[in-house]
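Below is one structure; the comments refer to it alone.
The values are calculated or read from the model by the stated rules, or taken from the named source; none is laboratory data. Worth saying up front: this structure is predicted, and the values here are computed from it rather than measured. Cβ coordinates were reconstructed from backbone atoms using ideal geometry, including for glycine residues, and neighbour counts include every protein chain displayed. All accessible areas refer to the heavy atoms of the entire protein, side chains included, with ligands and DNA or RNA removed. Shrake-Rupley method; radii C 1.70, N 1.55, O 1.52, S 1.80 Å.
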Amino acid sequence: MRLNLFHHLFIATALMLTMPLLASADSDRQHVVKELSYGVALYNFFQEKYFSSITDLMVAQKRQTNEKQQFDSELLLGGLYLSYDLHAQAGQVLDQLLQADIPAEIRDRAWFNLAKLRYQRGFYPEAEQALIQVKDSLPDYRQAERLNLLANIYLNQQQYDKAVATLKEFDGDSSWEAYAQFNLGVALVKLGKLEEGIEQLTRVGKMKPDSSEQLALRDKANLALGYAYLKHRQPEAASEAFNRVRLNGALSNQALLGVGWAWNMQSQYNMALLPWIELKSRSTFDPAVQESYLAIPYNFEKIAKPNLALIYYTGATKSYEAQLRKLENISKAIDGGELLQALKPANLGDETALSLYRSKLPKSITAPYLYSLMATHEFQNVLKNYQDLLYLDYVLTRWQRNLPAYSLMLQERRRAYQQKLPEVTRDTRLKKLQQLELQRNALADKVTRIENNQDVLALAAEDELEQLAQLEAVKRNLQRAGKKQDIAELRQRYEILYGLLYWQIADDYVPREWQLKKGIKELDTALAEAQAANISLKNAWNQAPVSFEGYAGRINKQNSRIKTLEVKVQAALRQQEKRIQTIARQALDQQRRRIESYLVRARFAQARLYDSMARAGEQ
Amino acid sequence: MKVLKNITYFLMGACLLLAIPLAHAADKAASSQRALDNQIQDLKQQVLELNRDLFLLEEDLLFPANTQFSVFLSMDAGQLFELDSVQLKIDDKIVANHLYTEREIAALRRGGVQRLYIGNLASGKHELVAFFTGQGPSKRDYRRGTTVTIEKTTDPQYVELKIIDNTTKEQPEFNVKVWE
């Protein structure tokens with residue numbers, strides 16, 4: 001019985017390495033929004049609705065509605081492309097942004113994002129170069145992330161001294177620092193630099209966690225530490241590290257197995273049985289539990305209890321046989337599409353739910369068997385691509401459903417237009433506008449004439465006109481009577497009355513003239529509005545057929561684009577489904593081979609024990 | 001002993017021979033996976049571009065510029081008011097109701113702006129009323145309305161409803177900004 005240390009060390013470290021590299025719109029502070037469309041894109045981005053957020057920015061770019069925040073928008077777009085795994089597009093946007101004359105803060109963030117992009121693509125020296133370009137305007141809360149990235153760049157280039165030096169730059173407690181320390185520790189242990197690696201891992205293994213994420217990281221560090229100690233035959237230190245792993249955490253099974261091996265290594269076989277018997281009561285699809293089925297009887301043999309060992313070997317054989325049958329059924333379920341069905345989010349319309357859905361184990365009977373596989377970076381990438389394709393398919397289907405309604409609406413508008421066109425062209429009110437304009441011009445001429453001639457009486461009010469008419473009649477009577485009698489006194493009274501009336505009108509001439517001009521101005525405004533409305537109406541009616549054709553053309557064009565893309569997305573979906581099933585089957589095969597190997601060992605041990613017992617009986 | 005050695009060499013040779021096509025098959029599989037990954041990235045970009053064009057078409061068709069009217073919602077720190085829901089009325093007709101999730105509230109607090117409503121309005125005066133429901137200071141139930149009269153022109157019009165903490169009064173404020 002040999003402990004497969006490398007396997008356990010791999011499991012312990014497989015889940016670590018990267019914290020998510022998010023887009024660079026700093027998620028934990030309030031953003032200044034000067035353009036609504038930028039704010040809307042942020043709203044979707046903060047909910048991890050990357051597809052919608054990218055669309056918002058693309059629409060804003062087309063409509064030119066982000067001009068006041070053009071650089072912010074481009075920086076966000078670059079980051080979004082990065083989060084949405086569109087690396088080429090992210091690089092293009094960021095490179096273009098860096099060529100512009102941009103503020104230092106945006107420049108630093110753009111270089112930072114470019115460094116992340118290059119790191120993700122495995123261009124480590126280039127990523128380091130980009131990070132060097134980041135000056136001092138990066139906010140404090142980004143510094144730890146920058147150092148973590150730098151440490152990872154050095155790790156991937158096996159420049160461990162530089163990675164250690166980078167860790168010293170961390171200031172205060174930070175999750176990023178813990179991640180960097182953990183990664184460095186694992187790398188050093190793998191390289192055989194045990195002492196240095198252990199130093200790093202111990203810091204993480206003993207940290208006081210303040211989040212579930214840090215708790216999980218601490219467990220991982222202690223598990224890796226424990227197996228590293230075991231590998232270098234330091235069982236007491238290994239036990240200490242394993243005991244720091246939470247008993248109810250995801251890594252507790254491996255820790256219990258490790259504790260048992262640590263006791264075993266010290267020849268404390270009874271002590272080793274305690275964690276393993278606890279382990280045996282747990283789920284049989286866990287590799288650590290499966291191993292405990294063999295480890296227990298192995299220990300009983302060590303303490304010279306062959307009968308008990310035989311009982312446990314027999315139990316192990318039965319359990320392994322049952323597990324192999326289960327694996328067969330699981331394999332059939334994968335072939336039948338059960339896993340694929342479980343990987344499809346129930347509600348694709350809720351873009352926010354997609355990332356949440358990925359962070360949970362799928363509700364599939366295969367999940368307990370594929371747990372380790374599902375936690376790997378490779379599977380997560382494949383799953384993300386699969387769900388992204390499902391979402392693309394959903395988007396295309398939704399548009400395909402909507403477009404006929406738009407065509408129908410367009411047809412309806414065209415029909416209404418054709419029905420109303422004769423009514424509108426016959427409408428006499430439209431022709432009246434010309435008459436009204438002529439009347440207005442006549443009025444304006446009259447006002448000009450009055451003004452030029454200072455024709456005070458032309459501005460007389462109605463009652464004044466009446467009085468003027470009466471005075472005119474009096475004047476005529478006076479002229480007629482003047483030939484027959486002396487009417488000097490009456491003539492004088494007439495002159496006084498006429499003078500009074502004239503003075504009254506003349507005195508009010510300026511306000512009256514102003515009022516008249518104001519009236520004409522108002523008339524001009526009303527006429528101009530009516531004219532504009534008339535022109536707009538005419539244009540609308542004239543342009544309507546062209547506009548209908550334009551929309552119809554756009555709808556048809558997009559419809560054919562949808563159909564072409566739908567075929568491509570469906571083909572990619574089928575290929576991706578095949579890929580998931582292949583990976584899952586490979587993982588099951590691996591498990592099957594492991595259990596078969598355990599089964600062979602259990603049967604062999606059974607035979608060996610029967611044999612030796614028989615021999616002992618004969619003697 | 002010599003025979004055993006020969007058998008070992010033979011087995012090693014056989015293993016190597018077997019390993020070559022196996023390695024070749026693995027390379028082929030990896031390269032076809034890379035090709036599929038690239039194809040998926042390409043499809044994502046194409047669907048994004050199509051989605052943008054369809055979005056523009058839909059907006060042009062359903063909400064022409066001369067009648068387009070949009071209402072947005074934003075908030076600052078939001079310490080004095082925990083938003084639950086918003087109801088929007090235009091000319092006494094309910095046009096939007098929205099119940100907020102925790103994620104949406106967090107997105108608003110970080111500076112995100114929600115497009116609450118888009119529709120069509122004829123030129124002229126209109127009354128817009130928004131009711132905000134949630135929890136105010138001291139976690140008490142809070143319902144507040146804000147009314148504004150807007151003059152719709154033939155240009156697209158954007159109105160922003162802003163929830164602001166008035167720290168002096170220790171009360172939330174609900175402002176309306178009409179974007180020019």
With a 1.4 Å probe on protein heavy atoms only, work out how much accessible surface A and B bury together, total over both chains, in Å² to the nearest 100. 5000
Principal axis extents for segment A:397-436, Cα atoms only, whole Å, descending order, please. 56, 17, 7
Helix A:50-63 sits off the longest principal axis of the Cα atoms of chain A, rounded to the nearest 10 on a 0 to 90 degree scale, by 30
Calculate I(q)/I(0) for segment A:96-143 by the Debye formula, one identical point scatterer on each C-alpha and no solvent, and give its log10 at q = 0.18 Å⁻¹ to two decimals. -0.51
Projected onto the charge dipole of the protein assembly as shown (unit charges on the beta-carbon of Lys, Arg, Asp and Glu, signs +1, +1, -1, -1), the Cα from A:382, A:41, A:274 with the largest positive-side position is that of A:274
Between 0 and 90°, nearest 10: helix A:87-98 axis offset from chain A longest Cα axis: 50
Sorted from largest to smallest, which semi-axis lengths in Å does the alpha carbon gyration tensor of chain B give for its equivalent ellipsoid, taking the root of 5 times each eigenvalue? 63, 26, 11
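How big is the shadow of the Cα convex hull of segment A:513-560, averaged over all directions, in nm²? It would help to have the intermediate numbers written out before the result.
Numbers: hull surface 15.4 nm².
Dividing the Cα hull surface by four gives the mean projection, 3.9 nm².
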Placing +1 at every Lys and Arg Cβ and -1 at every Asp and Glu Cβ, with all other atoms neutral, what dipole size does chain B have around its Cα centre, in debye to the nearest 20? 1020
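Could you calculate, for segment A:65-117, the ratio of the Cα radius of gyration to the Kirkwood radius, expressed as Rg to Rh? Provide the component values of the computation, followed by the final result.
Details: Rg = 10.1 Å, Rh = 10.8 Å.
Using only Cα positions, Rg/Rh for segment A:65-117 is 0.94.
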Alpha-carbon Rg/Rh ratio, for segment A:50-183, with Rh computed the Kirkwood way: 1.01
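Show me the three semi-axes of the equivalent ellipsoid for chain A, from the C-alpha gyration tensor (sqrt of 5 times each eigenvalue), largest first, rounded to whole Å. Present the calculation step by step, with values, prior to reporting the outcome.
Details: eigenvalues 1692, 189, 79 Å².
Equivalent ellipsoid of chain A: 92, 31, 20 Å, largest first.
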Extension gain residue A:353-residue A:446, at 0.36 nm per residue separation less the Cα-Cα distance, in nm? 26.0 nm
Test of understanding: express the Cα radius of gyration of segment A:302-387 as a ratio to 2.2 N^0.38 Å, with N the residue count. 1.57
Quotient of Cα Rg and 2.2 N^0.38 Å for segment A:472-571, N being how many residues it contains: 2.92
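Under the Kirkwood approximation for Rh and a Cα-based Rg, what ratio Rg/Rh is obtained for segment A:219-269?
On the way: Rg = 9.6 Å, Rh = 10.2 Å.
My calculation of the ratio gives 0.94.
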Shielding by other protein chains, A:545-551, mean Cβ within 10 Å: 1
Dipole axis of the protein assembly as shown (+1 Lys, Arg; -1 Asp, Glu on Cβ), positive-most option in A:333, A:430, A:299: A:299
With charges set only on the Cβ (+1 for Lys and Arg, -1 for Asp and Glu), what does the dipole of segment A:434-561 come to about its Cα centre, in debye to the nearest 20? 620
Work out the length of the dipole vector of the protein assembly as shown about its Cα centre, built from +1 on the beta-carbon of each Lys and Arg and -1 on the beta-carbon of each Asp and Glu, and round it to the nearest 20 debye. 3140
Output wanted: per-residue J couplings in Hz (rounded whole) for segment A:33-40, from phi through Karplus 6.51 cos²θ - 1.76 cosθ + 1.60, θ = phi - 60°, x for Gly and Pro. 10, 10, 10, 4, 5, 5, x, 5
Eligible lysines near residue A:568 by straight Cα distance, threshold 20 Å, same-chain separation 8 or greater: A:344, A:384, A:557, A:578, B:44
Along the charge dipole of the protein assembly as shown, which of A:256, A:82, A:570 sits closest to the positive end, that is, farthest toward it, with unit charges on the beta carbon of Lys, Arg, Asp and Glu (+1, +1, -1, -1)? A:256
I need the per residue convex hull volume for segment A:442-490, using only the alpha carbons, in cubic angstrom as a whole number. 105
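Calculate, in whole percent, how much of the Cα-Cα pair population of segment B:87-163 lies beyond 16 Å. It would help to have the intermediate numbers written out before the result.
Values: 1715 of 2926 pairs.
That fraction is 59 percent.
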Taking Cα pairs under 8 Å and at least six residues apart, what relative contact order does chain A come out at, in percent? 11
Let's test this: bin the Cα-Cα distances of segment A:501-619 at 10 Å from zero up to the farthest pair and state each bin's percent. 10, 11, 10, 10, 9, 8, 8, 7, 7, 6, 5, 4, 3, 2, 1, 0
Where the eigenvalues come from the Cα gyration tensor of segment A:193-319, what are the semi-axes √(5λ) of the equivalent ellipsoid, largest first, in whole Å? 29, 17, 10
Rg [Å, one decimal], Dmax [Å, integer] - segment B:33-132, C-alpha atoms: 18.6, 60
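As an exercise, identify the trypsin sites (Lys or Arg not before Pro) in segment A:139-180 lying in DSSP coil whose Cβ has no more than 13 other Cβ atoms within 10 Å.
Counting only loop positions with at most 13 other Cβ atoms within 10 Å, the trypsin sites (Lys or Arg not before Pro) in segment A:139-180 are A:168.
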